Amino acid sequence: MAARRLRRVVASQPGFINLKSSSGSADSLSSRRKRVNKNKKKNWNKHSDINDVEEFLDDVRLQERTTGGLLSEKADDSLFFVDVGQPKKAEQKPEPKAEPVEGKKRKNRASRPLRIDLILQHDSLVPPPKDVLAYQQPNAKKLRRIAQKAEQLAAKGVVPRRQKQLLNRRTVVRTAKKAATETNNNPDREYYNIWGQETKDSADPWYLQQTGKKLVKRPEKLNEKPSMLPAVEVMAPGGSYNPDFFSHQSLLQEAHEVEVKKQKEEDKIERQLAVNKEDTATEETTLQEQVEGLVEEEKEEEEEETAANEEESEDVAVGAIALAEKKTERQRKREKAEKIKEQRRLAGRRQTDQRQQLFQLRSIKASIKQQEETTEARHKQRKAKQEAEKAQPRRLGRLKFQAPDLEVQLSDELAGSLRRLKPEGSVLKDRFKSLQKRNLIEPRERAKFKRRHKVKYVEKRAFREIT
């Protein structure tokens, strides 16, 4: 804003050069102005003549675009030049004109810029605005303070502890590497393959980690395939356009088993949802439900009396227990002696059992061997189950994988030739199901469209007139 105000002030000076003609402004001044009340704000913009100001600003912008600034501020050397005519050339013999070569013409023609490129060139001399955000850095103040502190320590000759450790470790690595190259500098060294794999960096891992040069270790699990199934599964021989009788029957049997399994699942759901006729409501059951909860007063009084008697008996028992809590010294000694006697008896019984186990070593070994065999069998069974699961689709999302239907034709639908063959299935669906089966994508279903507003039907006049 300050620069723009300065330009306006400069342009208002008597030495300002105007590129545009001021005939329109003179005509507007000569015309008679309409008298309007300027006390009201709504008449300010409506009846204010600002054409002279807009023309002046347009002229300033034009000068900035074409010359890079105001003409009044330019030096005379940049605006005028002395025309002294063309310099006289020394008299020379006319050289024979060489025949034009097509290659040179094409070369000169290709070097010229295209007209469309000249139109699209930036012709404004106004410099682009400075992007303040491009110079901003996150935590710039903090980083500047850290750099200043490091410079002060370096001026004093103080080396940070981390940098000192890095330098010490790096020197050890360099010396070891140098010694290794010296020992290998002999004619009997191994052949170096320039196209072979790169050797791993022999630097100290701690140094690489601290300097940020250590690469991230790739997990071994990423190298394993998510499924052992092939990308394209070969169809059974019974799915051919002209199959063998037995292979076609085996494929039909497989499809039949799939359909029977589906039918069994549907029947199971129907049985679970079926209503038992015995559970239907009758007049007796409805009357029993209505009467339930209505108890006679006599039964309630009997229940209250029995509850009161039980409370009295409990109070008597609690009182007896409270009176019998205090024990004499003789009773305590007797209980202690019985407790010690019971402990000794249990210890003797334990020792006897241990002695008896010496004579049961054969049976113990047999039981241990049998337990190991069962454990090994379970381990093998678990391994076999894991290997079988590798070929099965895993549960990757909320939906389970649904195997596609077998593409099989009945015996009367077989064409026998490629001309009469009817295409079945879809390649796109087959590839999509293959990706799901190989655990590359999760099973998904198509998104359902939900209408936000109900459809409104309106009868037009023309339709009403017809009906």
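No value in this document is a laboratory result; all are computed from the given coordinates. If you're wondering where the values come from, they're calculated on a predicted model, not measured in any experiment. In this analysis, Cβ positions are derived from the backbone assuming ideal geometry, glycine residues included, and neighbour counts consider all displayed protein chains.
Quick one: would you say Glu373 is surrounded by 10 or more Cβ atoms within 10 Å (Cβ to Cβ), assigned to a helix (DSSP H, G or I) and charged (D, E, K, R)?
Yes.
Return the total of residues in the range 32-49 being surrounded by 10 or more Cβ atoms within 10 Å (Cβ to Cβ), free of Cβ contacts under 8 Å to residues at least 12 places away in the same chain and under 30 Å from Asn18 (Cα atoms).
The number of residues fulfilling the criteria is 2.
Return the total of residues in the range 106-156 being closer than 30 Å to Thr66 by Cα, part of a helix (DSSP H, G or I) and among the acidic types (Asp, Glu).
1
Looking at the range 242-263, can you tell me whether even one residue there is in a loop (DSSP other than H, G, I, E, B) and closer than 26 Å to Ser434 by Cα?
Yes, because at least one residue in the range 242-263 is in a loop (DSSP other than H, G, I, E, B) and closer than 26 Å to Ser434 by Cα.
Has the range 424-435 got any residue that is of a type in the set (Ser, Thr, Tyr) and either farther than 25 Å from Lys261 by Cα or part of a loop (DSSP other than H, G, I, E, B) (or both)?
The answer is yes; a qualifying residue exists.
For the range 203-223, what are the residues that are surrounded by fewer than 10 Cβ atoms within 10 Å (Cβ to Cβ) and part of a loop (DSSP other than H, G, I, E, B)?
Hits for the range 203-223 are Gly212, Leu215, Val216, Lys217, Arg218, Pro219.
Under 9 Å by Cβ, and 6 or more places apart or on different chains, what pairs join a residue from the range 372-394 that is closer than 24 Å to Lys225 by Cβ with one that is part of a helix (DSSP H, G or I)?
Gln392/Lys437; Pro393/Gln436; Pro393/Lys437
For residues that are exposed (fewer than 11 other Cβ atoms within 10 Å of the Cβ) and either touching a residue at least 24 places away in the same chain (Cβ under 8 Å) or of a type in the set (Gly, Ala, Ser) (or both), tally how many sit in the range 236-276.
Residues meeting the conditions: 1.
What's the number of the condition Gly397 fails, among (1) under 30 Å from Leu252 (Cβ atoms); (2) touching a residue at least 24 places away in the same chain (Cβ under 8 Å)?
Every listed condition holds for Gly397 apart from (1).
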